[in-house]
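Asks: This is the structure, below, for whatever I ask next.
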Amino acid sequence: MYWVNESVFYHIYPLGFTGAPRINDGKLEYRLDKVLDFIPHFKEMNVNAIYFGPVFSSTTHGYDTNDYYNIDNRLGDNESFARICKTLHENGIKVVLDGVFNHVGRGFWAFEDVRRNLQSSPYCSWFRNLNFGGNSPWGDPFWYEGWEGNYDLVKLELRHPDVKKHIFDAVAMWMDKFGIDGLRLDVAYCMDQDFLRDLKHFCKSRNSSFWLMGEIIHGDYARLANPDLLDSCTNYECYKGIYSSHNDHNYFEIAHSLNRQFANGGIYHNIYTYNFVDNHDVNRLASTIREPENLKNCFSTLYFMPGVPSVYYGSEWGIKGQKNRTEHDYPLRPCVNVSDIEKNELFRHICRLGAVRRKYKALKYGSFMNIVIKNEQLVFRRRFEDETVYIALNLSDEDYSLGFNTEGGSSLFDVFDGRTVYDVKGGHAEINIPARGTRVLVLTDGEAPEYPEGDETSPAEATNEVPEMTDSVCEERKPLPPTGAPGRYRHFKGGEYEFICLAKDSETSEELVIYKALYGDGGIWARPSAIFYQYVNVDGKEVPRFEKID
């Protein structure tokens, strides 16, 4: 699933995101159109895939489907959603929908026919264990099976050929009209496997790159995520391991899960799992983490472990939310608007994570190995072909120094901060990890790697496309400005900056350029002068990375 490997997901629960009424009032409102206002935000985050929770007609929370063929009137209609999907696709963003096929709501048209016509209804056989030998908890003169004892959610008989046809025809319509790229299958862990097998064959025959991901809360993921059934599944084991290991200052917990799942011979090394730190069913990460300073390292783990990362809407700037007895899941699913976005330190950290992840194949396709495990420090390796990247995390309030063997190379470049370099001597490196910090260290033979530039372009100008860089030499270069020349500079992607001063790195004595962004929040950056004054190749032409403009 190539496009999934290249993705960063953003998860939206549409009815909450849009502030729709909790009970369907029957009024048509185009609330979901506001997702288009978030496209610059998605690009700034390097997001290129959206997973929409339930969007089809329902009575309450969306998982009580009334009609698989029509968008919920609280969100819009089929035409408006088709425009949304088209616009997202035009901006390079894939669309995955929630496939709620295990059960329907009591307002589902076929179930309403049963309630009206009782034994005379032709749809009695569409529902699991429906019989007229007793009354339902809702007072119906018949009994039926509800999902996990919830009788507002009526279980479908997925082995019935007419039920299967009804659902498959709906999926075909979503693929044709909306151009969707995949499905997340609600409660896949309790669905009929023959249904899943047939669904996969149906979808892949129409689009070989179509992605099927299933909700699996516990048990063996490979039972459903395998070549016959689903492409992927939710990784609840690592969801728990990420927040728990950071809360307890015990990296051994998440390291054990990562090794168990993804190391050479790991039980899920062939499954590209769907990874997350919170979602519409569990408390928000910012409400779960005891020390807010650890939020950034939680997201670092999410982005750089094997599998595809997904950010639940609003968590990128630290929205809180916890379940409670009166509001149930609703505090997890708030209404947000573009004006609510906080471009705080956590948000900038996550933007940087996305830029780095999308740049390096090892972080998207690479093998996994734990290198150093301590209570408050963790180093793991991702490797793909000739690219090796080490992820180093520190939970301590103080900087921490440690050493490890690299199996070759002469230098480790931190592409996360864009300035720190460590020598590798005799296959061994000694590194320093900042307090509560992350290092992403690319192993090289001495030549500096290209640093992702996603955080140096203003949101209005951002494309998040990394140009192809080559070693070609252009015969007619403009002369570089003299080192240390003051003034204004324009980055090759368009952002303008002001040179502040030269500085020296206290650890390496390397010369750094300190410069300030002349847009947005005026962030101050540091970059090795050798890279600041470097040429880059863009569309076959070499241009200065930063060109002096006055």
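Asks: Which one of S58, S120 is among the hydroxyl-bearing types (S, T, Y) and open to solvent by 10 Å² or more (accessible area, probe 1.4 Å)? Show your work before the answer.
Replies: Values: S58 fails: open to solvent by 10 Å² or more (accessible area, probe 1.4 Å).
Step by step, each of S58, S120 is checked, and only S120 is among the hydroxyl-bearing types (S, T, Y) and open to solvent by 10 Å² or more (accessible area, probe 1.4 Å).
Asks: Does R31 count as surrounded by fewer than 22 Cβ atoms within 10 Å (Cβ to Cβ), touching a His at 6+ places or on another chain (Cβ under 8 Å) and basic (K, R)? Steps first, answer last, please.
Replies: Details: surrounded by fewer than 22 Cβ atoms within 10 Å (Cβ to Cβ): yes; touching a His at 6+ places or on another chain (Cβ under 8 Å): no; basic (K, R): yes.
For R31, the condition - surrounded by fewer than 22 Cβ atoms within 10 Å (Cβ to Cβ), touching a His at 6+ places or on another chain (Cβ under 8 Å) and basic (K, R) - is not met.
Asks: Kindly indicate which of A448, A503 is assigned to a loop (DSSP other than H, G, I, E, B), modelled with pLDDT of 65 or more and touching a strand residue (DSSP E or B) at 6+ places or on another chain (Cβ under 7 Å).
Replies: Values: A503 fails: assigned to a loop (DSSP other than H, G, I, E, B).
When all the criteria are applied, what remains is A448.
Asks: Related question: For the range 134-191, which residues satisfy the criterion of being touching a residue at least 60 places away in the same chain (Cβ under 8 Å) and either part of a loop (DSSP other than H, G, I, E, B) or open to solvent by 20 Å² or more (accessible area, probe 1.4 Å) (or both)?
Replies: D152, H166, M173, K177, G179, I180, D181, D186, V187, C190, M191, listed by residue number.
Asks: Among the helices (runs of 4 or more DSSP H) lying completely within the range 216-323, list those that include at least 3 residues that are modelled with pLDDT of 95 or more and aromatic (F, W, Y).
Replies: Because the criterion is at least 3 residues that are modelled with pLDDT of 95 or more and aromatic (F, W, Y), the helices (runs of 4 or more DSSP H) in the range 216-323 that meet it are 236-247, 251-262, 295-304.
Asks: List the residue pairs whose Cβ atoms are under 9 Å apart, where the first residue sits in the range 321-346 and is within 19 Å of V35 (Cβ to Cβ) and open to solvent by less than 40 Å² (accessible area, probe 1.4 Å), the second is of a type in the set (A, V, I, L, M) and part of a loop (DSSP other than H, G, I, E, B), and the two are 6 or more positions apart or on different chains.
Replies: Sorted first by the residue in the range 321-346, then by its partner, the pairs are L332/V282; P334/I319; V336/I319.
Asks: Ok, one more. How about the range 200-220: which of its residues are free of Cβ contacts under 8 Å to residues at least 60 places away in the same chain and either within 13 Å of V100 (Cβ to Cβ) or touching a Gly at 6+ places or on another chain (Cβ under 7 Å) (or both)?
Replies: Applying the first criterion (free of Cβ contacts under 8 Å to residues at least 60 places away in the same chain) to the range 200-220 yields 200-208, 210, 212, 214-220.
Result: F210, L212, G214, E215.
Asks: While we're looking at this one, here's another question. Please indicate, with yes or no, whether at least one residue in the range 266-277 is open to solvent by 10 Å² or more (accessible area, probe 1.4 Å) and more than 26 Å from N226 (Cα to Cα).
Replies: Scanning the range 266-277, I find no residue that is open to solvent by 10 Å² or more (accessible area, probe 1.4 Å) and more than 26 Å from N226 (Cα to Cα), so the answer is no.
Asks: Let me ask something else. When the residues of the range 292-351 are narrowed to those that are β-branched (V, I, T) and within 13 Å of the chain's Cα centre (by Cα), which ends up farthest from S396 (Cα to Cα)?
Replies: Here is the first cut: in the range 292-351, the ones β-branched (V, I, T) are 301, 308, 311, 319, 326, 336, 338, 341, 350.
With the extra rule that they be within 13 Å of the chain's Cα centre (by Cα), the set shrinks to 301, 308, 311, 350.
Details: T301: 16, V308: 27, V311: 25, I350: 20 Å.
Residue satisfying both the conditions and the ranking: V308.
Asks: Within the range 308-327, can one find any residue that is aliphatic (A, V, I, L, M) and out of contact with any helix residue (DSSP H, G or I) (no Cβ under 9 Å at 6 or more places or on another chain)?
Replies: No, every residue in the range 308-327 fails to be aliphatic (A, V, I, L, M) and out of contact with any helix residue (DSSP H, G or I) (no Cβ under 9 Å at 6 or more places or on another chain).
Asks: Confirm whether P21 is surrounded by fewer than 17 Cβ atoms within 10 Å (Cβ to Cβ) and not aromatic (F, W, Y).
Replies: Numbers: surrounded by fewer than 17 Cβ atoms within 10 Å (Cβ to Cβ): yes; not aromatic (F, W, Y): yes.
Considered against the rule, which asks whether it is surrounded by fewer than 17 Cβ atoms within 10 Å (Cβ to Cβ) and not aromatic (F, W, Y), P21 comes out as yes.
Asks: Within the range 426-440, restricting attention to residues that are among the charged types (D, E, K, R) and within 29 Å of the chain's Cα centre (by Cα), which residue is farthest from I289 (Cα to Cα)? Give the derivation first.
Replies: Taking the range 426-440 first, the residues among the charged types (D, E, K, R) are 430, 436, 439.
Subset that is within 29 Å of the chain's Cα centre (by Cα): 436, 439.
Details: R436: 14, R439: 21 Å.
Applying the filter and picking the extreme gives R439.
Asks: Let me ask something additional. State the number of residues belonging to the range 63-102 that are touching a residue at least 60 places away in the same chain (Cβ under 8 Å) and either in a strand (DSSP E or B) or open to solvent by 40 Å² or more (accessible area, probe 1.4 Å) (or both). Spell out the reasoning first.
Replies: Quick first cut of the range 63-102, residues touching a residue at least 60 places away in the same chain (Cβ under 8 Å) only: 63-64, 68-69, 75, 78, 81-82, 85-86, 89, 94-102.
Add one more test, that the residue is either in a strand (DSSP E or B) or open to solvent by 40 Å² or more (accessible area, probe 1.4 Å) (or both), and what stays is 68-69, 86, 89, 94-99.
Residues that pass the stated criteria total 10.
Asks: Inside the range 401-425, can you point out the residues that are buried (at least 19 other Cβ atoms within 10 Å of the Cβ), assigned to a strand (DSSP E or B) and under 30 Å from the mean Cα position of the chain (by Cα)?
Replies: Matches in the range 401-425: L412, F413, D414.
Asks: Additional query: Determine, yes or no, whether L97 is under 30 Å from A355 (Cα atoms), of a type outside the set (F, W, Y) and touching a Ser or Thr at 6+ places or on another chain (Cβ under 7 Å). Before you say what the answer is, go through the steps one by one.
Replies: Working: under 30 Å from A355 (Cα atoms): yes; of a type outside the set (F, W, Y): yes; touching a Ser or Thr at 6+ places or on another chain (Cβ under 7 Å): no.
No, not satisfied.
Asks: (1) touching a Lys or Arg at 6+ places or on another chain (Cβ under 9 Å); (2) surrounded by fewer than 17 Cβ atoms within 10 Å (Cβ to Cβ): which one isn't true of D37, the others all being true?
Replies: All conditions are met except number (1).
Asks: Checking the condition of a type outside the set (V, I, T), open to solvent by 30 Å² or more (accessible area, probe 1.4 Å), modelled with pLDDT of 75 or more and part of a loop (DSSP other than H, G, I, E, B), which residue from D521, D550 passes?
Replies: Numbers: D521 fails: modelled with pLDDT of 75 or more.
Every option except D550 fails the conditions.
Asks: Out of I350, I371, I need the residue that is touching a Phe, Trp or Tyr at 6+ places or on another chain (Cβ under 9 Å) and in contact (Cβ under 8 Å) with a residue 40 or more places away in the chain. Which one?
Replies: Numbers: I371 fails: in contact (Cβ under 8 Å) with a residue 40 or more places away in the chain.
Of the residues listed, the single one that is touching a Phe, Trp or Tyr at 6+ places or on another chain (Cβ under 9 Å) and in contact (Cβ under 8 Å) with a residue 40 or more places away in the chain is I350.
The values are calculated or read from the model by the stated rules, or taken from the named source; none is laboratory data. Please read all numbers here as calculations on a predicted model, not as lab measurements. Here the Cβ is made from the backbone with ideal geometry for all residues, glycine too, and neighbour counts use every protein chain on show. The protein model used for the area step is the full one, side chains on, heavy atoms only, and it has no ligands, DNA or RNA in it. Shrake-Rupley method; radii C 1.70, N 1.55, O 1.52, S 1.80 Å.
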